[in-house]
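I have placed the structure first, in the form of structure tokens, so that the comments after it can refer back to it.
The values are calculated or read from the model by the stated rules, or taken from the named source; none is laboratory data. Note that the coordinates shown come from a computational prediction; the quantities given were computed from them, not determined experimentally. Glycine also receives a Cβ, built like all others from the backbone with ideal geometry; neighbour counts cover every protein chain displayed.
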């Protein structure tokens, strides 16, 4: 009995060590097959290559089409294949939750697809680590410049914007009517918004004025609205606890801790912010334009949008996913042709808009005008007006780490455990200690 | 068995063992060895994994020094201990309770056995999502039930103090069937003769439990404690899904950190070092328990 138990235990211990080992290395057993070449900066130069008659078969991985737009993407590819019959694309659509873990393993194992999609946070890490090919000589004249510049690192273009979206202020018209106040306008500041918030909150115990997530994502934008930012101009130093940032963070947090026109975590009780708006108990929510379809279906009250309020100036969010080419691919030209077509051709852009997927990052007004005709919201023009104030996330290599540190400190402040000033000071200290900037 | 026959038996066994043995080498032993190597480097998890990349990123013990020097490591270890202190007694008591219920000879007992075992077979993803709803402060059934008896329940997963107990609650629910089954087989193995003798001697139920059941169950209990402790240190899926380490990092535990560092912050070397520290902790604790078992574990034979 005793011996048997011992062996059983040892098996248990061994199993543990196996699990531990696996946890960190995962599928990286490809060591034996991985090429020993140093990853080198490779470039794709379409200008120097004649459109080759050779057929190429490439793989394209993405997450953005998952959950409803797989067919649209397939239709886009069919149109592309008609135009470029010699390029065959195998499309892999992977759910967002698994996408980045899988992509990381594939890049490290040398089996990454020829071209793929990256969100803005991961784009920075990948570009800085030299696993993306520089794109030169592609025709970029059709792109929205802000979007295009978001994916250029040190003057080199490593990706094209596959889509874009921004954030606007969505408001519940019925609640504004009930409170007897005027609807928000494009030139509102946060002071105007706070005034309206208090009146709307006064309508009932479980009615709130606004919900703005206390996260890094909101913070860097609000900081820009007050003339601040988390990094200095040339991204060599953190400036998290600056005067301007303190004003911004105070505005964000005092509406939870002091006026309580925004519900606390406990008051939310695990409910999502969109759900709260849909339930008709929330006056305003600054959120992404990807909420339109959901709100159109779920809200049984009137709602509309306008440009988000500002501080001393306006600044609005901008999100975009990059389409990139793998530095190790041997079919870079074909890959670049496909992603460039997918991101900027009028045909693809039109399909994207017709399907109500998201906005193509292009500057062709004719194509974009189709988007304005869809309602609700009535004031869809605000989506484009917001583009005048775009602010881009401060992209650094350790973006996720910085984002987590700052979010963590801000939520500590929102729960009342530390003051806003302490939160920013601590975030500044931790970011400086843990993150090396170039 | 003679040496010769032993040899022949081994020869015959090899072809049967080979398939699973190969799998174990490729998917378990190699990764273990490679992860030691990675833990001595600051490999980012994106550069191609090769001897050359590892050699050029070699930092030797820096990762270990760095981890042990941060307050985060000790904080995370503290969270794990908080979990263990709540989880182990609760899961043992609940399992023992289930085992003694299931040990009764009554009609339809198999149905109960299956019922208690279902949570064990449920995937953690599904279980966590359901528990998230159960624990929702305003809409969850748990706080509603507490409300009937006049207690206003806490914001389970959003409250710093209550988040870990909430995770313990879900874990106990899920694991008690597993340990219960082990303890049940332990109970079944106890010779009924002991109880008969005890009754003749006039021992009550309590006396029987503490003087016969517990000592004779100690080998099974010992096994359950060790397994539960190892599992506790590897706490991950329920945390990742129910709280993602929040609120404000109150449920950050080691495996969650390993995942975050490796796959979110691109610090694979740091993450590997973290997982080896986890292994060392589990290994030492298990050794200590093996030593301590002489004091309280009774083997019948």
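Per the conditions (1) assigned to a loop (DSSP other than H, G, I, E, B); (2) touching a residue at least 24 places away in the same chain (Cβ under 8 Å), the sole criterion not satisfied by residue B:92 is (1).
Among the residues making up the range A:359-396, those that are modelled with pLDDT under 80 and closer than 26 Å to residue A:225 by Cα are A:392, A:395.
Within the range A:348-362, can one find any residue that is without any contact (Cβ under 8 Å) to a residue 12 or more places away in the chain and not assigned by TED's automatic domain parsing to the domain that holds residue A:247? First the steps, then the outcome.
Restricting attention to the range A:348-362, the residues satisfying the condition of being without any contact (Cβ under 8 Å) to a residue 12 or more places away in the chain are none.
No: zero hits.
In this structure, is residue B:251 outside any helix (DSSP H, G or I) and either farther than 21 Å from residue B:73 by Cα or away from chain A (no Cβ under 11 Å) (or both)? Yes; evaluated as a whole, the condition is true for this residue.
Taking residue B:149, is it surrounded by fewer than 19 Cβ atoms within 10 Å (Cβ to Cβ) and more than 14 Å from chain A (Cβ to nearest Cβ)? Let's see the steps before the verdict.
Numbers: surrounded by fewer than 19 Cβ atoms within 10 Å (Cβ to Cβ): yes; more than 14 Å from chain A (Cβ to nearest Cβ): yes.
When the stated conditions are applied, residue B:149 passes them.
On the basis of being more than 14 Å from chain B (Cβ to nearest Cβ), buried (at least 19 other Cβ atoms within 10 Å of the Cβ) and over 22 Å from residue A:162 (Cβ atoms), does residue A:424 make the cut? Yes.
When residue A:416 is tested against (1) assigned to a loop (DSSP other than H, G, I, E, B); (2) free of Cβ contacts under 8 Å to residues at least 12 places away in the same chain, just one condition goes unmet, and that condition is (2). Just so you know, in the range B:32-43 the residues that are surrounded by fewer than 22 Cβ atoms within 10 Å (Cβ to Cβ) and under 29 Å from the mean Cα position of the chain (by Cα) include one that is nearest to the other protein chains (Cβ to nearest Cβ), and it is B:32. Look at residue B:130 and say whether it is out of contact with any strand residue (DSSP E or B) (no Cβ under 6 Å at 6 or more places or on another chain), surrounded by fewer than 19 Cβ atoms within 10 Å (Cβ to Cβ) and without any contact (Cβ under 8 Å) to a residue 60 or more places away in the chain. Yes: the conditions hold for residue B:130. Among the residues making up the range B:118-146, those that are in a loop (DSSP other than H, G, I, E, B) and within 14 Å of chain A (Cβ to nearest Cβ) are B:135, B:136, B:137, B:138, B:139, B:140.
Scanning the range A:243-270 for residues being touching a residue at least 60 places away in the same chain (Cβ under 8 Å), outside any helix (DSSP H, G or I) and buried (at least 19 other Cβ atoms within 10 Å of the Cβ) gives a total of 2.
Does residue A:152 satisfy the criteria of being under 29 Å from residue A:235 (Cβ atoms) and free of Cβ contacts under 8 Å to residues at least 12 places away in the same chain? Full working, then the answer.
Working: under 29 Å from residue A:235 (Cβ atoms): yes; free of Cβ contacts under 8 Å to residues at least 12 places away in the same chain: yes.
Yes.
Name the single residue that is nearest to residue B:235 (Cα to Cα) among those in the range B:152-169 being facing another protein chain (nearest Cβ under 9 Å) and part of a helix (DSSP H, G or I). Within the range B:152-169, the match that is nearest to residue B:235 (Cα to Cα) is B:157.
Results for (1) out of contact with any helix residue (DSSP H, G or I) (no Cβ under 6 Å at 6 or more places or on another chain); (2) surrounded by 14 or more Cβ atoms within 10 Å (Cβ to Cβ); (3) modelled with pLDDT of 95 or more; (4) within 12 Å of chain B (Cβ to nearest Cβ), shown as yes or no for each residue.
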| residue | (1), (2), (3), (4) |
| --- | --- |
| A:67 | yes, no, no, no |
| A:71 | yes, no, no, no |
| A:82 | yes, no, no, no |
| A:107 | yes, yes, no, yes |
| A:110 | yes, yes, no, yes |
| A:131 | no, yes, no, yes |
| A:134 | yes, yes, no, no |
| A:137 | yes, yes, no, no |
| A:141 | yes, no, no, no |
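A quick yes/no check of all residues on (1) free of Cβ contacts under 8 Å to residues at least 60 places away in the same chain; (2) in contact with a helix residue (DSSP H, G or I) (Cβ under 9 Å, 6 or more places away or on another chain); (3) part of a helix (DSSP H, G or I); (4) more than 10 Å from chain A (Cβ to nearest Cβ):
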| site | (1), (2), (3), (4) |
| --- | --- |
| B:203 | yes, yes, no, yes |
| B:211 | yes, yes, yes, yes |
| B:221 | no, yes, yes, yes |
| B:228 | no, yes, yes, yes |
| B:232 | no, yes, yes, yes |
| B:238 | no, yes, yes, yes |
| B:245 | yes, yes, no, no |
| B:255 | yes, yes, yes, no |
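Scan the range B:56-67 residue by residue and report those that are part of a helix (DSSP H, G or I) and in contact (Cβ under 8 Å) with a residue 24 or more places away in the chain. If the condition is that a residue be part of a helix (DSSP H, G or I) and in contact (Cβ under 8 Å) with a residue 24 or more places away in the chain, then B:63, B:64, B:66, B:67 are the ones that fit. Each residue in the range A:228-244 was checked for being under 18 Å from residue A:318 (Cβ atoms) and touching a helix residue (DSSP H, G or I) at 6+ places or on another chain (Cβ under 6 Å), and 3 pass.
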